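The values are calculated or read from the model by the stated rules, or taken from the named source; none is laboratory data. Values in this document were obtained by computation on a predicted structure and should not be read as measured data. Cβ sites come from the backbone with ideal geometry, for glycine too, and all protein chains shown count toward neighbours. Protein only, heavy atoms only, side chains kept; ligands, DNA and RNA dropped before computing areas. Shrake-Rupley method; radii C 1.70, N 1.55, O 1.52, S 1.80 Å.
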Amino acid sequence: MKICVVGLGNIGFNLFAYLDQKFAGEVIGVDVNESRVKELRRQGYRVTTDYWALTGIDVWLMAPSTGNQGQNLFSALEHMIIRPGSLISIESTLPPGTMVRIREFLEKKGFELGSDLFLIHVPHRVMFGVDKTVCDTPRVMGAFTEECLERGREFYKPLVPSLVEVSDVKVAELSKVVENVKRYVDVAFAQEIYGFCVTNGLSYEELRKAVNSKTNVELLATDWGIGGECLPKDMNFLRTVCSSALLEGAEIADQNYRDRIQAQVGQGKEVWLKGISYKTGVKDLKHSRGVDLVSALEAAGKTVKVEDSLFSPDELREAGFNPINQQEDNSQNIREDKARVILDRHKALEPK
């Protein structure tokens with residue numbers, strides 16, 4: 001069996017690396033990012049940018065970043081040499097309605113789903129920093145035909161803890177978007193309550209401990225705002241098809257929260273940011289609200305220094321940041337300097 005993973009970003013590469021161990025010698029990855037492919041080749045992985053080199057593929061696993069309208073996914077489908085009888089699994093998170101468009105695209109190519117081509121949607125699920133692979137969590141699967149579902153079962157059942165099959169592929173499509181938007185709303189609510197606690201001199205951590213003592217309730221921790229690639233993007237996907245005052249309010253609340261962090265710095269201040277990765281415990285700066293905050297503060301004329309336990313000072317410099325000097329950080333006199341504001345990602349509204 002020849003397997004190809006399309007898209008080698010965080011999700012796609014995690015999937016690729018896992019399958020490369022399970023099916024040694026049978027897996028290849030493809031990505032249009034030449035520097036990414038060169039980097040992975042140096043590490044010994046079998047990857048390419050050339051779709052014409054991908055012939056006789058039995059299973060296509062699609063994990064590119066979709067773009068606002070799924071354009072990256074359709075670009076990949078246009079370049080793929082699809083042989084009759086193959087399985088195509090769409091793992092990317094999709095704008096609702098995209099699977100119907102994919103079916104129409106493939107049918108225009110002359111394929112009949114369920115007989116000479118098998119199309120399924122198995123949206124990826126992973127909590128980086130918690131799950132080790134994208135196959136550690138139960139997965140949802142939807143398709144247009146029972147034959148497509150059966151081919152999907154054959155491939156995924158040995159790989160994941162369980163498959164949650166749905167009768168309508170639109171439900172599978174919507175499930176991943178709703179998961180992420182639910183978390184977006186939960187984080188926005190946590191930010192609102194945290195802001196209320198700060199305003200009224202209450203301990204948010206003590207409140208969290210009290211609230212979370214009930215097993216079916218979780219009041220989340222806060223950060224620099226709602227970042228990452230998925231949550232803001234999927235909020236946009238859902239709001240496009242679902243008009244909701246609640247969803248609009250969550251976006252407004254998050255923007256207000258981020259504005260409040262920036263506004264509290266004041267005039268003529270040097271700012272130290274503790275924690276710059278897009279998420280605690282994940283060494284990645286892409287789509288980080290901390291990075292956005294640095295840019296906004298610098299645009300306002302502030303001098304900003306940063307620190308993150310995941311990055312060395314040299315790595316921070318290489319990424320374009322001014323790292324905090326550890327000798328300065330350990331100095332009590334510096335900490336008490338009124339010309340400096342120190343912001344911690346989990347206590348962003350409580351400057352020292």
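Summary of values
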{"read-out": "Selected residue [at pLDDT below 90 and either surrounded by fewer than 15 Cβ atoms within 10 Å (Cβ to Cβ) or in a helix (DSSP H, G or I) (or both)] from 298, 328, 315", "value": "328"}
{"read-out": "Some residue of segment 256-265 being assigned to a helix (DSSP H, G or I), in contact (Cβ under 8 Å) with a residue 40 or more places away in the chain, within 15 Å of residue 222 (Cα to Cα) and open to solvent by less than 60 Å² (accessible area, probe 1.4 Å)", "value": "yes"}
{"read-out": "Failed condition for residue 47, given (1) open to solvent by 70 Å² or more (accessible area, probe 1.4 Å); (2) over 18 Å from the mean Cα position of the chain (by Cα)", "value": "(1)"}
{"read-out": "Residue within segment 224-247 that is touching a strand residue (DSSP E or B) at 6+ places or on another chain (Cβ under 9 Å), at pLDDT 95 or above, crowded, with 16+ Cβ neighbours inside 10 Å and within 30 Å of residue 294 (Cβ to Cβ) present", "value": "yes"}
{"read-out": "Residue satisfying condition, being at negative phi, in a helix (DSSP H, G or I) and modelled with pLDDT of 90 or more, within set 293, 273, 285, 310", "value": "293"}
{"read-out": "Selection count where residues are small (Gly, Ala, Ser), open to solvent by 40 Å² or more (accessible area, probe 1.4 Å) and more than 15 Å from residue 3 (Cα to Cα), scope segment 50-71", "value": "1"}
{"read-out": "Count - residues of segment 331-349 that are out of contact with any Gly (no Cβ under 8 Å at 6 or more places or on another chain), at pLDDT 90 or above and open to solvent by 30 Å² or more (accessible area, probe 1.4 Å)", "value": "1"}
{"read-out": "Single condition residue 74 does not satisfy, out of (1) open to solvent by less than 10 Å² (accessible area, probe 1.4 Å); (2) more than 16 Å from residue 237 (Cα to Cα)", "value": "(1)"}
{"read-out": "Search result, residues across segment 104-129 that are under 20 Å from residue 92 (Cα atoms), among the hydrophobic types (A, V, I, L, M, F, W, C) and either open to solvent by 40 Å² or more (accessible area, probe 1.4 Å) or modelled with pLDDT of 95 or more (or both)", "value": "105, 106, 113, 117, 118, 119, 120, 122, 127, 128"}
{"read-out": "Among the residues listed as 214, 170, the single one being basic (Lys, Arg), open to solvent by 50 Å² or more (accessible area, probe 1.4 Å), assigned to a loop (DSSP other than H, G, I, E, B) and modelled with pLDDT of 95 or more", "value": "214"}
